Amino acid sequence: MARMNHRISVVVLIVIMGFGTRAYVTARPEMQGKVNIQPFNYEGVQLLDGRLKHQFEQVKDFYLALRANDILKVFREHAGLRAPGKELGGAFGTSQLGQWLSAFARMYRVTGDTAIRDKAVYLMDEWAKTISKNETLDYRHYTYDKMVGGLVDMYEYIGNKSALEYLAKITDWAENNLDRSNPYALPTEWYTLSENLYRAYELTGDKRYFDFAKVWEYTDYWGIFAKGESIFQDILKTNPKHESYHAYSHVNTLSGAAMAYKVTGERHYLDTIVNAYQFLQKTQCYATGGYGPEEQLVVADGLPETLIGICRGKSNVDVRFHFETSCGSWAAFKLSRYLMMFTGQAQYGDWIERLIYNGVGAMVPMNDYGMIMYGSKYHLYGAQKSLFTVWFCCQGTLPINVAEYHNIIYFHDRENLYVNLFVPSKVQWNGPDGMITVVQETFFPEKDKVYLHVQSKVPSRFGLKFRVPLWARDGVKVRINDVISETATIPGKWATIERKWSGDDTVMLQFNLTPRIEPLPGYISPVAVLCGPVVMVASTARESEDSIPAEGDLRFPADWLMSEDQKISYSASPSMKAPIDRSRQLHTNQVLRPFYDIKEGEYYRMYFESARSMFILPGELVFHGNWSSDGLVRYAQEPGSHFEGKFKGTLVVWEGLRWEDAGIAEVSIDGKKVAEADQYGYTGVYVPRLDQREVSFRWSLSGLKGGEHTIKVTILPNKNPASHGTKINVIRLVAYP
Ligand SMILES: [Zn+2]
């Protein structure tokens, strides 16, 4: 939820009684989206001792300890009922109760813990008593959406039938009162309603929910992805009054398209989420899997700018944080899970894995005031984890996230069990020949081996599949009962072990966790350092022994970063303003540690600039044609005009600005054409703290032979259809050794 909408009036849900009970309509659309693989839906999966289990238990205990009277106080007060207890504060009273019901229902399904179930039922029934007539209606899309989700979950995972009555009641109200004019986005996020309403329809068969879900489809936005077009090019058509896309809700809405596909089978919904996923991975995600600096989707080439304005020396340190951690992880988990279900493909599991370790899984615990690590910070010159924002949206998604851990580790179809995540856990699966138990024993990602103990009462034939992560470029070593297996392991695919299992077999997987560098998608620099899926950050060694990873597997001396062959160095801009405590700046005892290991208030650096050999400024370039200059920028527009420059190195970057009247240029190196580069970019996106109206253009080519090269950039007559002109500009070239 956007933080600018911090003051939300307390919700009172009123239902005008007397509509009568609606008969369930059982007719369903004929088509349904094909589901290739199924999650376990919170049943039969247990986390075993490890990071995820610790976080799950900690969050579960924290939320269970909240007093029911405190939670219910605002609802009771507004209904004129006796309201003991102390108000939680913050913006509580709107969305979170619905999401907490979801979380409790799913946690109950996972653990069988009746204390969670009883608390959820009590909260729901007491909340329902505050639904009364004759009061002013003040109930909005966002809250309705989350309560629909909560009630659907109370029915699905606890089997509570009252939940459906309450759902019908609030929907009576919503059908008559929710504003359907669909103004853009904030603050109601109406465009996320489809998912839970389609779930309500799927569960109950009541066509009413199908029809109401349809009302909230975000056709304009989904359709851009379905057609494979740019959401920024058409932003003013989609959102005439707003010039930005709120990140979390614009990923969350995609789960509405996913459910629309599931219940209708219409292909364009699937195209929407497949293309959106690619768009997000290629243009929006940091190494952590996080996205949405200042809660915004960013324009082309906008991502490096958010770490710092490298190109023009302009600092964007106004960006307070880069990822709305809990809500953002939740939207990504759901989108990835739906994609895995529909396509059966392993590649979508990678985003889940990143966020499990570096997103919600790297959050520090909430404090007793209800403050949460709302945003994750990736600033180039350093950052700290901090708690802020009392009782708001992320406090709604955090407990659902940790419950969701149980739903994204394993998948299945009739013949195969799929292992998506490598975490200590246990799954029971009703396989083709009977019940199978798989116990995952591992210290991954801090150790490189994963043991899958496959157990059953009788021998059984089925396929055991595991995801080969995209980062596992060397594949995965597989041993079955200590014998080397020739199982094919292709990054981004499922590896399959199909055999007759004896009832007591062990598969051992071994990953290469050697540290590697990973730039932002499509760029040369800055880079992050990863071991497997884990983002490593530079920080000081921890004082206490117990917080250091066992045997120091993940700890490296600071000079590793400085070494010649890794081509990374610390950035030399000590005067740059950065949101850090300067007194704790880099010291000689720096080590690389997992981002998830960083505690509240500790200083760390996640991104590093590559060591470059030189800048080539316009004064050192040779210009042919009619070039003008405007500050740092040189530009021309006549086709045929060109500039040339010499550089030494294996990698070159041409930096400039994206303009709405920019054209296309031919780039050649040493007399050979290597590319046509399109410098067009939409420059109308602006929110405070994240100015996307002046965005860098960065074209790069790597893999050249060492030594001196000549680059030539020539303006072509053709242009991007969206562009108003053929201008080409340059600020400088950057060469890397
Ligand atoms: Zn949030």
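Miscellaneous remarks
- Boolean, GLN296 is more than 23 Å from GLU57 (Cβ to Cβ) and either within 13 Å of the ligand (Cβ to nearest atom) or crowded, with 24+ Cβ neighbours inside 10 Å (or both): yes
- Residues in the stretch 718-737 that are assigned to a strand (DSSP E or B) and either at pLDDT 90 or above or of a type in the set (A, V, I, L, M, F, W, C) (or both): LYS727, ILE728, ASN729, VAL730, ARG732, LEU733, VAL734, ALA735.
- So TYR291, is it more than 16 Å from the ligand (Cβ to nearest atom), in contact with a helix residue (DSSP H, G or I) (Cβ under 8 Å, 6 or more places away or on another chain) and at pLDDT 95 or above: no
- Filtering the stretch 490-509 to residues that are within 28 Å of the chain's Cα centre (by Cα) and either assigned to a strand (DSSP E or B) or closer than 19 Å to GLY434 by Cβ (or both) leaves TRP494, ALA495, THR496, LEU509.
- Among residues of the stretch 31-48 that are at pLDDT below 95, those with a beta-carbon under 6 Å from a residue that is part of a loop (DSSP other than H, G, I, E, B) at least six positions away or on a different chain give the pairs MET31/GLY265; GLN32/GLY265; GLY33/GLY265.
- Residue ranges of strands (runs of 3 or more DSSP E) in the stretch 604-649 with at least 2 members buried (at least 17 other Cβ atoms within 10 Å of the Cβ) and touching a strand residue (DSSP E or B) at 6+ places or on another chain (Cβ under 9 Å): 633-636, 642-648
- Scan of the stretch 386-421 for residues that are within 16 Å of the ligand (Cβ to nearest atom) and farther than 13 Å from PHE333 by Cα, ordered by number: SER386, LEU387, PHE388, THR389, VAL390, TRP391, PHE392, CYS393, CYS394, GLN395, GLY396, PRO399
- Whichever residue in the stretch 675-717 is modelled with pLDDT of 95 or more and of a type in the set (Val, Ile, Thr) and, among such residues, is nearest to LEU632 (Cα to Cα): VAL713
- Here the stretch 575-630 is the region considered, the condition is being within 21 Å of PRO526 (Cβ to Cβ), modelled with pLDDT under 90 and hydroxyl-bearing (Ser, Thr, Tyr), and the residue that is farthest from the chain's Cα centre (by Cα) is SER613.
- PHE333 vs. criteria at pLDDT 95 or above, of a type in the set (Phe, Trp, Tyr) and away from the ligand (no atom under 16 Å from the Cβ): no
- Residues of the stretch 453-471 satisfying the condition of being within 14 Å of GLN510 (Cβ to Cβ) and touching a Ser or Thr at 6+ places or on another chain (Cβ under 7 Å): VAL468
- Of the residues making up the stretch 365-385, those that are more than 14 Å from the ligand (Cβ to nearest atom) and of a type in the set (A, V, I, L, M) are LEU380, ALA383.
For every residue, the table says whether it meets (1) out of contact with any helix residue (DSSP H, G or I) (no Cβ under 9 Å at 6 or more places or on another chain); (2) hydroxyl-bearing (Ser, Thr, Tyr).
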site	(1), (2)
ASP448	yes, no
SER460	yes, yes
PRO469	no, no
LEU513	yes, no
TYR523	no, yes
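- Residue match in the stretch 313-320 (condition: within 16 Å of the ligand (Cβ to nearest atom) and among the basic types (Lys, Arg)): yes
- When ASN182, ASN160, ASN196 are screened for being surrounded by 19 or more Cβ atoms within 10 Å (Cβ to Cβ) and in a loop (DSSP other than H, G, I, E, B), only ASN160 passes.
- Looking only at the stretch 213-248, and only at residues there that are modelled with pLDDT of 95 or more and in contact with an Asp or Glu (Cβ under 6 Å, 6 or more places away or on another chain), the one that is farthest from the ligand (Cβ to nearest atom): ALA226
- Only one of the numbered conditions (1) part of a strand (DSSP E or B); (2) in contact with a helix residue (DSSP H, G or I) (Cβ under 8 Å, 6 or more places away or on another chain) is violated by LEU417, and that is (2).
- Meets criteria (assigned to a loop (DSSP other than H, G, I, E, B), in contact (Cβ under 8 Å) with a residue 40 or more places away in the chain, touching a strand residue (DSSP E or B) at 6+ places or on another chain (Cβ under 7 Å) and buried (at least 20 other Cβ atoms within 10 Å of the Cβ)) for PHE422: yes
The values are calculated or read from the model by the stated rules, or taken from the named source; none is laboratory data. The shown structure was predicted, so the numbers you read here are calculated from the model rather than taken from an experiment. Cβ atoms come from the backbone with ideal geometry, glycine included; neighbour counts cover every protein chain shown.
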